1. Just to make sure I understand: if all protein chains stay in place, what is the order of B:Arg151, B:Arg251, B:Arg122 by accessible area at 1.4 Å, largest first?
2. What spacing in nm lies between the two simple spin-label points modelled at A:Leu143 and B:Trp73, each 7 Å away from Cα in the Cβ direction?
3. Leaving ligands, DNA and RNA out of it, work out the accessible area of B:Tyr11 with a 1.4 Å probe and give it in Å² to the nearest 10.
4. Hey, got the dipole for region B:147-281? About the Cα centre, +1 on K and R Cβ, -1 on D and E Cβ, debye to the nearest 20?
5. For a quick check of understanding: with a 1.4 angstrom probe and all protein chains in place, what accessible area in square angstrom does B:Asp74 have, to the nearest ten?
6. How much of B:Val274 can a 1.4 Å solvent probe reach, expressed as accessible area in Å² and rounded to 10?
7. Show the residues, 5+ positions off or on another chain, whose built amide H is closer than 5 Å to the amide H of B:Gly41.
8. Using the Cα centre of the protein assembly as shown as the reference point, and only Cβ charges (+1 on K/R, -1 on D/E), how large is the resulting charge dipole? Debye, rounded to the nearest 20.
Amino acid sequence: MLKDITIGQFFPGNSVLHRMDARFKIIITALFIAMLFSANTIIGLLPGILFMALCYALSKIPFRLMLKSLKPIIPIILFTSLLNIFFLDGVVLLRVGFVRITYDGILFTVMMILRIAALIAGSSLLTYTSSPISLTDAVESLLSPLKKLRFPVHELSMMMSIALRFIPTLIEETDKIMSAQKARGADMESGGLLHRAKALVPILIPLFVSAFSRAMELALAMECRCYQGGEGRTRLKVLHSKGADYIGLTIAMLFLDATVLVDLLL
Amino acid sequence: MSIVQTENLTYTYSLGTPFEKTAVKDVNIAIDEGELCGIIGHTGSGKSTLIQHLNGLVKPTSGSVFIDGQNIWDKGVKIRDIRFKVGLVFQYPEYQIFEDTVFKDIAFGPKNMGLSEDEVSRRVKDSAEIVGLRPETLGKSPFELSGGQKRRVAIAGVMAMEPKVLILDEPVAGLDPKGREKILAQIKRYRDEKNATVLLISHSMEDVARFTTKILVMENGGVFCYDTPPKVFGRAAELASMGLSVPQITRVINRLKSAGIDIPGDIYTVEYAVKKINEYLARK
Ligand SMILES: Nc1ncnc2c1ncn2[C@@H]1O[C@H](COP(=O)(O)OP(=O)(O)O)[C@@H](O)[C@H]1O
Ligand SMILES: [Mg+2]
């Protein structure tokens, strides 16, 4: 079912990671991505992966969920791996007719798989441990310097939070509409590409109709409560940075240093 | 023989995640052909989850579902055939409408069954007539209709498949009293004309009391009882303890009885109450 997609989902909890300031979590995630992309060798990826494992352990998020977050990207990984393994130049290990497999190709492919998997699994942790509201508040706070340049930071973050808020609703709605059409004998599992594309019509039309009417209702409700943008608005939950946040940031920086060092030394 | 039957039916949502929730627990029911069965229960008691098992939209976590004696999850059973046999009308079914004319939308189900043009057309007109849609409405866009009319189109869309078992999830929720009355009567008419079995979820004890032959009471994912309306509404205290009530007229009668007036206690429709009270007054 659609409900089983976990990317972008929030799993409430009370771990150290859950309690951290979302702004710091975003910065640390950026540092983590930097770790993965500054590494040039497989060993260089190790500090990043180690850092991710540490975070997962701290977050008390079940290991199963991490594997689940990787499921949707398996096709992408397979496809790019196949391309890389057969088409990269280097020391040839095996040759059958046209097809050859090189040592460098294998190394590069393994590295790429590790990098993509760690990227997805690691950054999923950000949404697993932060509520959508705290995330958008954090984005607004981090981007607030741009306000000086007249960039509509508040509007952007409001749009983001509305979008995030309605993802589960839309998924639920899609599920409901799909069930209702299946109950009328809609066949979505068999047939060729064209047939399947056609089978989407009875789902997409009701979905759009309801999304539009929902948007209208929401706009109306916001206007009724005199919403007029970010000017003078206060927050229900104010973000506070604590000691633990700075410690987390320091640890992430150390791991990034380690990555750079490992690459320099090897 | 029972047309709808379940054996130790259990279903858990989001199995294996922190959001695990067992919505249906060890349900055993057997509903006979021709019954007009009301399903009542507190919000969250698992009514909607249970009925989605009966046409194979949801696969049980454990246990089995039998339609006409056939286990619907046996190998070789085409689940689509089950869905044509057991028609399911969801709650607020008007959101499923997608075609540009009422006719085409009602025809969606019968067309999926692979029927001939003529047969599809006959069924569309037939079911439109049952739910009280005028012939000229068939050519209109369903999106122009009122809420109540849309509801009728959606119900007709399932009736047009002429299922042997018709299941409706709160079909009159959010309609005005007159509209409710009409739709319930139309559902009853469908059952009488097509010799079908009907299952109907409702929150209105009055509707259930007047229209059904049997009542299934759900509590916390399990079956509390399955019996005739007088027997079920005879257990007023137990129903009240699970947040349900008995029809208002039954409450009136119970008060009269406890005030010492000698009338039978199994009264649950206004018509029957009037008759019994008149009898009592004549005796006096
Ligand atoms: N799609 C779903 N995912 C997770 N839990 C659900 C879902 N649908 C229903 N539930 C839960 O299952 C229980 C039974 O729900 P439902 O069958 O809708 O009850 P009813 O129709 O009697 O109100 C409720 O506790 C509800 O929260
Ligand atoms: Mg329900």
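1. B:Arg251, B:Arg122, B:Arg151
2. The modelled label-to-label distance comes out at 4.6 nm.
3. Rounded to the nearest 10, that gives 40 Å².
4. Values: 20 positive and 16 negative charges, 65 e Å.
For region B:147-281, the charge dipole is close to 320 debye.
5. 70 Å²
6. 80 Å²
7. Answer set, sorted by chain and number: B:Met218.
8. Numbers: 64 positive and 54 negative charges, 124 e Å.
Using Cβ point charges on Lys, Arg, Asp and Glu, the protein assembly as shown gives about 600 debye.
The values are calculated or read from the model by the stated rules, or taken from the named source; none is laboratory data. These numbers were taken from a predicted model, which means no experiment stands behind them. Every residue, glycine as well, gets a Cβ built from its backbone with ideal geometry; the counts of neighbours run over all protein chains shown. Ligands, DNA and RNA are stripped out before the accessible areas are found, and what is left, the full protein with its side chains, is counted by its heavy atoms. Shrake-Rupley method; radii C 1.70, N 1.55, O 1.52, S 1.80 Å.
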